[in-house]
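First the structure, in the form of structure tokens, and then the observations on it.
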Amino acid sequence: MLPLYYEFYNPVKIISGRKALENIPYELGIMQVHKPMIVTDKGVVDNGLLDIVLNCMKDSGLAIGVIYAETPPDSSIIAVNKAAALFRDNACDSIIAVGGGSVIDTAKGINIVISEETDDIIRFVGAERLTKIQKPFIAIPTTSGTGSEVTLVSVIYNPDKNVKMAFTSNLLLPKVTILDPRMTIGLPPFLTAATGMDALTHAVEAYSCLQKNPLSDAHAIAAITLIRDNLIEAVKNGKNEQARLSLANASLFAGAAFSNSMVGSVHGLGHATGAVAHTHHGMTMAIILPHVMDFNLEKASENYAALLLHLAGEEIYIKTPAPGRAKKAIETIRLMNQTLRDICGMSVTLSQAGVKEDQLEEIARKAMGDGSMMFNPIEMEYNDALRVLKSAF
Amino acid sequence: MGKVLKVDLTTKQVIEYPWTDQDRKLFIGGKTMAAKILYDNIQAGTDPFSSDNYIVITTSPLNGSAAPSSSRFNMSTLSPLTGFIISSNCGGNFGLHLKRAGYDGLVITGKADEKTWLEVTETGVAFHNADNLWGLTTSKTQEELGGKTGKLVIGPGGENLVRYAGVFSQERTAGRGGVGAVMGYKNLKAVTATGTKKPEFWKPEKVRKVNLSWVKLLKNHDLTGDKLPKYGSAYLMKGMQKHSILATHNFKYGQYKDWEMCSGHTLAKDHLIKNEGCVTCTVQCARAVEVNGNKVKGPELETLGLLGPNLENNNIRAIIDWNFQLDELGIDTISVAGSVALAMELNENGLWNNGLEFGKIDNLTQLFEDIAYRRGIGNELAEGTKRMSEKFGGKAYAIHAKGLEIAAYEPRSAVGHGLGLATANRGGCHLNAGYMVFMEGLGLQMDPYTTMSKGALVMFMQNAMEAVAAAGSCFFPVFAFVPSFLIEKPNNFITKIVNVVLKYSGLVVNLFVNWMPGKFLPLHLPFMLPHTLALKVVTGMNTHFGNFKDIGDRGFNLERMFNIRMGLTAADDTLPSRLTDELQDPNNPKSKVPLKRMLKDYYKARGWDENGIPTQKKLKYLKLV
């Protein structure tokens, strides 16, 4: 069923494979740039991932402009400004981000500051407020993940106002993204589970939110299938390259899906929870997802029923009577959470994740201000949000 | 508003089952909630004895609200006796304890690889090995489990997959349809529940008020306030004999010469220690009697009728002992008695040489034991009348509908009741039938032989019973539905007029109730189903009479749709030919059930096509598609 109107945009060149990183010099060459700034964080450096990337570039004769490895966990304006200053001082002409969502978002932020020639990024907060073409940008994700390498969003923390700011623009999309299993092979089980469930949430929300379209659906389904078949394996046996590459792809597909169709109340509530109780983003999504699905059931049951096939496979889909498929999809996700808890201790309730009961009201209030809530299949008001949070507690 | 837990016995996984506010609005609780869950999960062609079958245990909003007679909970599954849905209702306190643990329902599937009992608490479900419990009687099992918990147990009958084995909570039972056998198949011996959560009400002060006025209504009614507490359900035997609806000699006759020796009055006079009842009930209809020096629960009406007149037995002492024995073995007394009656008649007719004879009772105690352990002829009887008649013959007098044995009311002198029996979703159940005998003799006395208005009235009564069950209430308060005055004075001219009016009420009932969309009946009729107001003040939902009867209609149609998926057709809406073709009284040409004629009216009232399938229009209105 075609929507009456839709838009889909994903111009990012995707390179995926066992030695994909080796393509960096070539890609920079095509873009006619020679002096990249590398944006990354301590974790990536300490785990030796940056060395792998540098190794791939060393024989090419490329000069690295500068390496900024101080990106904080939720990104921040301070980091962006600092890094942008480094970019200018070293006369760099491109950016390579190596890291998770915060690193990639920071890189996007730096790109805004540099390309718009501004020193006040706050002027560009919001949707489609950029005016200049951005500097060439390669994103190399090390988690699977936020999918930021193919999204038009950058979320950056503003410590002065204690808020996360969102920048949305098609111009922010990288030119190239490289998926190489070496980047995620060392991801510990808990992070593998949590980031994997983040990707799953993106895909499920993209498939059921108001702005969905056939292309975002296709990406979402591709993501779900790969996660279904590879997440548990990757958590149990991190060295499985094929599983790691599959999850990296799944995360990318899910990112492409939600970049175009948006996410809903899971992210709305999840962002707020993270802001108030500082819980891990992906894990929070996993906890809240089935409860929001319960809430959405009345409007979204057809979508959820269709997803059952991809979430649980053919056999279960056929064995489940049609009226029960939507609920079975929710059950499948609950089972996934439960299994991940058994394997690597991921929390399945907000209380297990460290949220306090008296924080729930504040979370619900904050969630009301989150843009994602707009795209949820059923409008969630404060009381609804509080009830959903309570049931996830 | 608790959670619903799903337990997979195969994988030992326990997760929360999605049950939304929309579900609560449409399906309330109890059997209707269970029907929805079964409908969403059991695919066509599933074998009742398989790990794919589900047992759904559901509570209702009135549980824990202190409304009178509101301890009732429900167990539903795909029945190994009928092959269709069985919803089995029970007054024991398991449901109340389940709610205290914080759960409105338990959805059990899979099959345990070892004998298991489940412990449900506020933190979740623990799996325990049940080797030390397996083989114990129902009361011994409950004793062993000990403690102040709610308990659900099966006896040897369930362990040995007797097709009509039941489940026990205290001395009450979810008796019909073989839920106990499904538990036994899944290697599940028992479930316990404990917790401390208190129920939340929408308007607590109003709940108290409504409950008090409801209790007052019940206490002032002749049946619920006087006769039922004094004589139990057995009180009704007097009326059954009077109106020729007391099944005798395997439903060959409608009256029994020694009926008084088995009646509620005799039971009360000679054997009753005191009356007792389910927690929260003001009627307290249960009979406490003595067996082997112990105070135990005595027989209900159907047990007295089917083990008494129906077997040509007038020894009430024997019935009391058998009732206790069957409870201990964990077997439905109605189905076992019906099977024995058939076996006796097959023996009488030379079709099966089994040593069982009408009036001969000295071999029955051993027989019941053999049935529970599937020994000798007990193995055949454990299969139920339908399968027995397929093997040995006697289909004309295998007294079941859809495979579920019919209880002691002989429908040839209450043909509306016969219609109800033929169309009830769980099979030959007098309650699922709408309990039309109440209109056709036991409460009011409308013309019991006419087909007029029966279709419309049966639909209304069935829907009402369905909704009452979904709300969590026992059927007995519904006796107060008919004003006490009309029951106490059957010969008063007003009562006579009511009885005549009922005969012609069909069109009115259809137009103003059955076919009227619920939203046009936003009333609370205080004495006719106080449930509506009680539900509203407890839940805050708009459960006025119109919505309430729609909930009943929805529940009934949902179970029907489930059955259709499992293979039900109009051909299954039938009764054994003894009841439809043979006259109960050779001098009364009307004394048989004119089923075909009534079915036409009934399908029309229901909004079903001529094949008994609900139309799309009907299903859309009920929000089932």
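The values are calculated or read from the model by the stated rules, or taken from the named source; none is laboratory data. Everything numeric in this text was worked out from a predicted model, so none of it was measured. Virtual Cβ from ideal backbone geometry, glycine too; neighbours counted across all protein chains shown.
Below are the figures for this structure:
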read-out	value
Residue in the stretch B:40-57 that is within 26 Å of A:Phe393 (Cα to Cα), touching a residue at least 40 places away in the same chain (Cβ under 8 Å) and more than 9 Å from chain A (Cβ to nearest Cβ) present	yes
Among the candidates B:Asn93, B:Asn63, B:Asn89, B:Asn53, residue that is closer than 20 Å to B:Gly157 by Cα and modelled with pLDDT under 95	B:Asn89
Unmet requirement for B:Gly95, which otherwise passes all of (1) out of contact with any helix residue (DSSP H, G or I) (no Cβ under 8 Å at 6 or more places or on another chain); (2) of a type in the set (Gly, Ala, Ser); (3) over 30 Å from A:Ser351 (Cα atoms)	(3)
Conditions (1) within 10 Å of chain A (Cβ to nearest Cβ); (2) at pLDDT 95 or above; (3) in a helix (DSSP H, G or I); number of the one not met by B:Gln22	(2)
Among the candidates A:Ala79, A:Ala85, A:Ala63, residue that is touching a His at 6+ places or on another chain (Cβ under 7 Å), farther than 14 Å from A:Ala139 by Cβ and without any contact (Cβ under 8 Å) to a residue 60 or more places away in the chain	A:Ala63
Failed criterion for B:Ser88 (all others in (1) of a type outside the set (Val, Ile, Thr); (2) over 22 Å from B:Asn379 (Cβ atoms); (3) surrounded by fewer than 24 Cβ atoms within 10 Å (Cβ to Cβ); (4) out of contact with any Leu (no Cβ under 9 Å at 6 or more places or on another chain) hold)	(3)
B:Tyr449 vs. criteria among the aromatic types (Phe, Trp, Tyr), touching a Ser or Thr at 6+ places or on another chain (Cβ under 9 Å) and surrounded by fewer than 22 Cβ atoms within 10 Å (Cβ to Cβ)	yes
Cβ-Cβ under 6 Å pairs, at least 6 apart or on other chains, the stretch B:433-454 side without any contact (Cβ under 8 Å) to a residue 40 or more places away in the chain, far side in a loop (DSSP other than H, G, I, E, B)	B:Ala433/B:Ala424
Evaluation of B:Ser71 against (1) touching a strand residue (DSSP E or B) at 6+ places or on another chain (Cβ under 8 Å); (2) more than 13 Å from chain A (Cβ to nearest Cβ) (one fails), failing number	(1)
Unique residue being farther than 22 Å from B:Gly157 by Cα, more than 21 Å from the chain's Cα centre (by Cα), not in a loop (DSSP other than H, G, I, E, B) and not basic (Lys, Arg) when the list is B:Leu342, B:Leu346, B:Leu351	B:Leu346
Number of positions in the stretch A:117-127 that are assigned to a loop (DSSP other than H, G, I, E, B), of a type outside the set (A, V, I, L, M, F, W, C) and either surrounded by 12 or more Cβ atoms within 10 Å (Cβ to Cβ) or not assigned by TED's automatic domain parsing to the domain that holds A:Ala83 (or both)	1
Test: residue in the stretch B:256-272 that is touching a strand residue (DSSP E or B) at 6+ places or on another chain (Cβ under 7 Å), in a strand (DSSP E or B) and assigned by TED's automatic domain parsing to the domain that holds B:Gly394	no
Tally, over the stretch B:102-122, of residues that are farther than 18 Å from B:Thr138 by Cα and touching a Ser or Thr at 6+ places or on another chain (Cβ under 6 Å)	5
Qualifying residues in the stretch B:214-246 (those that are part of a loop (DSSP other than H, G, I, E, B) and out of contact with any strand residue (DSSP E or B) (no Cβ under 7 Å at 6 or more places or on another chain)) - the one farthest from B:Glu488 (Cα to Cα)	B:Ser244
Residues of the stretch B:25-37 classified as more than 9 Å from chain A (Cβ to nearest Cβ) and out of contact with any Pro (no Cβ under 8 Å at 6 or more places or on another chain), total	9
Residues of the stretch A:345-375 satisfying the condition of being surrounded by fewer than 17 Cβ atoms within 10 Å (Cβ to Cβ) and more than 13 Å from chain B (Cβ to nearest Cβ)	A:Gly345, A:Gly354, A:Lys356, A:Glu357, A:Asp358, A:Glu361, A:Glu362, A:Arg365, A:Met368, A:Gly369, A:Gly371, A:Met374
B:Ile334 vs. criteria closer than 30 Å to B:Gly64 by Cα and surrounded by fewer than 22 Cβ atoms within 10 Å (Cβ to Cβ)	no
Residue among B:Lys197, B:Lys203, B:Lys230 that is at pLDDT below 90, surrounded by fewer than 18 Cβ atoms within 10 Å (Cβ to Cβ), of a type in the set (Lys, Arg) and within 30 Å of B:Ala34 (Cα to Cα)	B:Lys203
Residue that is farthest from the chain's Cα centre (by Cα) [pool: residues in the stretch A:376-393 that are small (Gly, Ala, Ser) and within 12 Å of another protein chain (Cβ to nearest Cβ)]	A:Ser391
Which listed residue is modelled with pLDDT of 90 or more and among the hydroxyl-bearing types (Ser, Thr, Tyr), from A:Tyr68, A:Tyr157	A:Tyr68
Per-region count, the stretch A:60-83, residues touching a strand residue (DSSP E or B) at 6+ places or on another chain (Cβ under 7 Å) and part of a helix (DSSP H, G or I)	3
Selection within the stretch A:290-330 - out of contact with any helix residue (DSSP H, G or I) (no Cβ under 8 Å at 6 or more places or on another chain), over 14 Å from A:Glu205 (Cβ atoms) and within 11 Å of another protein chain (Cβ to nearest Cβ)	A:Ile318, A:Lys319
All positions within the stretch A:232-243 that are buried (at least 18 other Cβ atoms within 10 Å of the Cβ) and either more than 17 Å from A:Ala194 (Cβ to Cβ) or within 16 Å of the chain's Cα centre (by Cα) (or both)	none
When residues of the stretch B:1-19 are limited to those that are under 22 Å from A:Ile378 (Cα atoms) and in a loop (DSSP other than H, G, I, E, B), the one farthest from the other protein chains (Cβ to nearest Cβ)	B:Met1
B:Lys111 being touching a strand residue (DSSP E or B) at 6+ places or on another chain (Cβ under 8 Å), among the basic types (Lys, Arg) and more than 30 Å from B:Ile399 (Cα to Cα)	no
Residue match in the stretch A:17-39 (condition: in contact with a helix residue (DSSP H, G or I) (Cβ under 9 Å, 6 or more places away or on another chain), touching a residue at least 24 places away in the same chain (Cβ under 8 Å) and on the phi > 0 side of the Ramachandran plot)	yes
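To keep it simple, each residue is scored yes or no on (1) modelled with pLDDT of 95 or more; (2) within 14 Å of chain A (Cβ to nearest Cβ).
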position	(1), (2)
B:Ile564	yes, yes
B:Leu579	yes, no
B:Asp585	no, no
B:Tyr603	yes, no
B:Arg606	yes, no
B:Val625	no, yes
